[in-house]
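The values are calculated or read from the model by the stated rules, or taken from the named source; none is laboratory data. In this text the structure is predicted, and so the values were computed from the model without any measurement. Here the Cβ positions follow ideal geometry from the backbone for every residue, glycine too, while neighbour counts run over all protein chains shown. When the accessible area is computed, the model is the full protein with side chains, heavy atoms only, and any ligands, DNA or RNA have been set aside. Shrake-Rupley method; radii C 1.70, N 1.55, O 1.52, S 1.80 Å.
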Amino acid sequence: MSSSSSRNAFEDGKYKTDLLTINSSPRCCKSTPSSSPSPPKQLLVATPVDEGEYPVVMLLHGYLLYNSFYSQLMLHVSSHGFILIAPQLYSIAGPDTMDEIKSTAETIDWLSVGLNHFLPPQVTPNLSKFTLSGHSRGGKTAFAVALKKCGYSSDLKISTLIGIDPVDGTAKGKQTPPPVLTYEPNSFDLDKTPVLVIGSGLGETARNPFFPPCAPPGVNHREFFRECQGPAWHLVAKDYGHCDMLDDDTKGIRGKGSYCLCKNGEARKPMRRFVGGIVVAFLMAYLEGDDSELVKIKDGCHEGVPVEIQELEVIM
């Protein structure tokens, strides 16, 4: 790897971006090219608009959340030269994640045949650099797909894997089927795929006695990282909660719930910038060969980190 970048991953990047919606049925959208295959699920896409070829990152939303709640985070990452794809996996969550795993697998397979039809004509997706990521239950789903749970396989190789405060159920022994965590250290066989796990310091804390913590001990980011093999990174933001990387304005009952059900920090912007910056630094290192930002973060000398890092662990 090289260390030549002058970018600050925690600030907006140099690329102009646009936010697109791709509906799952051409009949729903007059602008959908009639000859282009529609995706299995409705997609929110953040893309650079400058001419070029860009790596692709799929982001899976958390439990009972909407993909639109991640628009500010997606635009931050996209402004550094990445195409972000966020499928709306469901309207009503099922008792297990089987449908989410299937929908994610189908959407990944769709990328190679359909994505380029919906992007600006001067923008080309580079699917040889594909990242699968997810938040909360979506993080668990991302790991499940990468681990080929339920027999999933695809010609599209996952270049890097990211879990943003991933959660595998409500407690150890109460995992959402199919379980991902095995409680065997370094048991995830991901064929040396680089992994990033981001945790929230307040995720393990219940907001009130009537609801459990949003990222309960025993099924959260710590266990996911413990089961990773190298290369793997684990960073935890102190004093910020499980939903603090979402947009400032999340509307509707689910949007209000993201503020009311989880223990939160004082504001969302610092955590959102932290998550976006860590993701950018990780992608720069493992997709572009430029580890300058990641090394500065690891060495504690990056002046732009917007939160206090509570924990930082690396398996090489």
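Taking the alpha-carbon distance from LYS41 and a cut-off under 16 Å, which lysines remain once sequence neighbours fewer than 8 residues away in the same chain are dropped?
Excluding near neighbours in sequence, the set is LYS102.
Determine the sum of side-chain charges near ASP96: Lys and Arg each +1, Asp and Glu each -1, restricted to other residues whose C-beta is under 15 angstrom from that of ASP96.
+2
Which percent of the accessible heavy-atom area of the chain goes to carbon and sulfur, probe 1.4 angstrom?
Accessible surface attributable to carbon and sulfur in the chain totals 50 percent.
Convert each backbone phi in region 162-175 into a coupling constant with the Karplus relation 6.51 cos²θ - 1.76 cosθ + 1.60 (shift: θ = phi - 60°), then list the ³J(HN,Hα) values in order as whole Hz, x for Gly and Pro.
Using θ = phi - 60°, the values come out as 10, x, 9, 6, x, 9, 10, x, 9, 5, 4, x, 10, 7 Hz.
Round to the nearest 0.05 the FRET efficiency obtained for GLU51 and ASN23 when R0 = 35 Å and r is the Cβ-Cβ distance.
Working: r = 26 Å, r/R0 = 0.74.
Efficiency, from the Cβ-Cβ distance: 0.85.
Considering the Cα positions of region 214-316, please state its Rg to one decimal place and its Dmax as a whole number of Å.
Answer for region 214-316, Rg first and Dmax second: 14.8, 43 Å.
With every protein chain kept in the model, how would you rank GLU303, GLU11 by accessible area, 1.4 Å probe, largest at the top?
Descending accessible area places them as GLU303, GLU11.
Scan around ASN126 for amide H atoms under 5 Å from its own, H built in the peptide plane at 1.01 Å from N, and keep only partners 5 or more places away or cross-chain.
Correct list: TYR54, VAL56.
Search the structure for amide H atoms under 5 Å from the amide H of VAL197, placed 1.01 Å from N in the peptide plane, and list their residues when 5 or more places away or on another chain.
Under 5 Å from the amide H of VAL197 lie the amide H atoms of GLY163, TRP233, HIS234, LEU235, each far enough along the sequence or on another chain.
Can you compute the charge dipole magnitude of region 38-186 about its Cα centre, using +1 on each Lys and Arg Cβ and -1 on each Asp and Glu Cβ, nothing else charged? Give it in debye, rounded to the nearest 20.
In total the dipole reaches around 380 debye.
Students sometimes get this wrong: rank SER159, SER128, SER24 by accessible area, probe 1.4 Å, all chains present, largest first.
From most accessible down to least: SER128, SER24, SER159.
Per residue, how many Å² of accessible area does the chain show with a 1.4 Å probe?
42
Quick one: Cα centre-to-centre distance for region 87-144 and region 232-281, in angstrom?
21
What fraction of the DSSP beta bridges in the chain is antiparallel, stated in percent and rounded to the nearest 5?
On the way: 17 of 45 bridges.
DSSP beta bridges in the chain are roughly 40 percent antiparallel.
Enumerate the amide H contacts of ASP18 below 5 Å, restricted to partners 5 or more residues apart or on another chain; note that Pro and chain-start residues carry no placed amide H.
THR47, VAL49
For region 142-171, list residues with backbone N below 13 Å from a point placed 7 Å from the Cα of MET98 toward its Cβ?
150-151
Could you check which residue among ARG272, ARG137, ARG254 shows the biggest mean-square fluctuation in a GNM of the chain with a 10 Å Cα cutoff?
Looking only at ARG272, ARG137, ARG254, the biggest GNM fluctuation is shown by ARG254.
With a 10 Å cut-off between alpha carbons and a GNM built on the chain, which of HIS117, HIS135, HIS61 moves the most?
Maximum among the listed residues: HIS117.
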